[in-house]
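In what follows, a single structure is set out as structure tokens and then discussed.
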Amino acid sequence: MHELAICQSLLREVAHIAADRHARSVTDIHVGIGPLSGVEARLMQDAFPIAAAGTIAASAALHLRCTGVRVRCESCGAETEVPTNRLVCGRCDDWRTTLVSGDELLLERVELDAPRQVRQAEESAHV
């Protein structure tokens, strides 16, 4: 089950983000998964608590968003959503397409519990 290794890698990145922002804990982790990424969402959801045990994200909720497959046609220029097993243009049916999305595994958002003074300092730094 490579989803456990993926969760461990994801949590290393989340730990770096939390440390940079002096967070006390991580409350939510949002990830986008494409159907061509080779990652099974259910298996990742099952592996997450094992990987998160003993980390700053031990009590975090993992939110997975499954994305669709999109291709751009080299003939007509259309960008269309297509089935995972048929990567041809949805408009003209040409086979010469480029994958736009569907193979991604993206850390989209991390929600943290950070000390109030750090949040205020970051808010004023972004003004």
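Any read-out appearing in this document is the output of simple, stated calculations on the displayed coordinates, not a laboratory observation. Please read these numbers as outputs of a predicted model, since none were measured by experiment. Ideal geometry is used to build each Cβ from the backbone, glycine not excepted, and the neighbour counts take in all protein chains shown.
A straight chain from Leu87 to Asp28 at 0.36 nm per residue would run longer than the Cα-Cα distance by 17.9 nm.
Please sort 69-75, 19-25 by packing, taking for each peptide the average over its residues of neighbouring beta carbons within 10 angstrom, highest first.
On the way: 69-75: 17.6, 19-25: 13.7.
Result, highest mean first: 69-75, 19-25.
Within a Cβ distance under 10 Å of Glu79, other residues only, what is the Lys/Arg minus Asp/Glu net charge? The answer is +2.
Given +1 at the Cβ of Lys and Arg, -1 at the Cβ of Asp and Glu and no other charges, the dipole of the chain around its Cα centre is 120 debye to the nearest 20. Per-residue ellipticity at 222 nm, computed for the chain from helices alone with -39500 (n - 2.57) per DSSP H run of at least four residues, works out to -10500 deg cm²/dmol. Fully extending the segment from Cys76 to Thr98 would add 6.7 nm, taking 0.36 nm per residue of separation and subtracting the current Cα-Cα distance.
Dividing the mean sequence gap of close Cα pairs (under 8 Å, 6+ apart) by how many residues region 1-84 holds gives a relative contact order of 35 percent.
A straight line joining the Cα centroids of region 13-33 and region 59-99 runs 29 Å.
On average over all directions, what projected area in square nanometres does region 28-90 have, based on the convex hull of its Cα atoms?
Details: hull surface 20.9 nm².
Over all viewing directions, region 28-90 projects a mean Cα-hull area of 5.2 nm².
Computing log10 I(q)/I(0) by the Debye sum over Cα atoms at q = 0.09, 0.11, 0.15, 0.17 Å⁻¹ for the structure here picks out one of (1) -0.22, -0.34, -0.64, -0.84; (2) -0.20, -0.30, -0.57, -0.75; (3) -0.37, -0.52, -0.76, -0.85, namely (3).
Toward the positive end of the charge dipole of the chain, with +1 on the Cβ of Lys and Arg and -1 on the Cβ of Asp and Glu, the farthest Cα among Ser37, Cys92, Ile17 is that of Ile17.
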